[in-house]
Amino acid sequence: MLKPLYLLLLALLATPVAAVDVGQVFPDIQAERLDGSGLLGTDELRGQVVYVDAWASWCAPCRVAMPVLERWHQRWAPQGFMVLGLNVDADHKAARVARKQAAVSYPNIHGVSDQTLTTLGLETMPTGWLLDREGRVRLVHSGFRKSDIEELEAAITQVLEAP
């Protein structure tokens, strides 16, 4: 009789720890810039509103999102907004090619550990975290469809206008 209870307890203990979610401070991630210009840490971005976008070169929705993210990056930069790409490709050449093809100017980092990706709770590509100026998560968005744009823009505007 205890065996099913024991198995249930083991299954619950094996469940991953909760992902970084709304209201939490986004962890500091130090990683190499995809363009090879050195390290960049998310803590360096405090004071700005940041959309962290986890993406991969093989992810079709990620490739659809990149031009939209670039427009946002350009549009709201004067208000203290930026996009940070968080590439998860094992093949950095493929990531560099995808970034170049998408013609994005926002910074991208790569080489983040699997443990960090697990801590973030990354399960869907792309996944985005909208961070306020203190680095607190205000929105987590999984996947990307063009129909998401209006909702995401409203969220960005709201965070930018917050005191």
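Would you give the gap between the C-alpha center of the stretch 107-134 and the C-alpha center of the stretch 27-41, rounded to a whole Å?
Answer, in whole Å: 12.
How far, in degrees from 0 to 90, does helix 92-102 lean away from the longest principal axis of the Cα atoms of the chain, to the nearest 10?
The angle comes out near 50 degrees.
In the Gaussian network model of the chain, springs joining C-alpha atoms below 10 Å, which of Gln74, Gln48, Gln115 carries the largest mean-square fluctuation?
Evaluated over the chain, the most mobile residue of the options is Gln115.
For Arg136 and Arg71, calculate 0.36 nm times their separation in residues minus their Cα-Cα distance, and state this gained length in nm to one decimal.
Length gained between Arg136 and Arg71: 21.1 nm.
Note down the nm distance, to one decimal, between modelled labels 7 Å out along Cα→Cβ at Gln79 and at Ser105.
That separation, rounded to one decimal, is 1.8 nm.
In Å², what does the accessible area per residue of the chain work out to with a 1.4 Å probe?
Accessible area per residue, the chain: 55 Å².
Based on the Cβ-Cβ distance from Val64 to Thr157, what FRET efficiency comes out when R0 is 22 Å, to the nearest 0.05?
Approximately 0.55, to the nearest 0.05.
Calculate the spin-label point distance for Gln24 paired with Asp148, positioning each point 7 Å from the Cα along the beta-carbon direction, and give it in nanometres.
A separation of 1.9 nm, rounded to one decimal place.
Determine the principal axes of the Cα atoms in the chain, then give the extent along each, sorted from largest to smallest and rounded to whole angstroms.
Computed over the Cα atoms, the extents are 63, 40, 32 Å.
Which FRET efficiency value, to the nearest 0.05, do you get for Gln115 and His92 by plugging their Cβ-Cβ distance into 1/(1 + (r/R0)^6) with R0 = 25 Å?
0.85
For His92, His73, give me the order by solvent-accessible area with a 1.4 Å probe, most accessible first, ignoring ligands, DNA and RNA.
His92, His73
The values are calculated or read from the model by the stated rules, or taken from the named source; none is laboratory data. In this text the structure is predicted, and so the values were computed from the model without any measurement. Methodologically, a virtual Cβ is constructed for each residue, glycine included, from the backbone with ideal geometry; neighbour enumeration extends over all protein chains shown. These area figures cover heavy atoms from the full protein model, side chains too; ligands, DNA and RNA do not enter into them. Shrake-Rupley method; radii C 1.70, N 1.55, O 1.52, S 1.80 Å.
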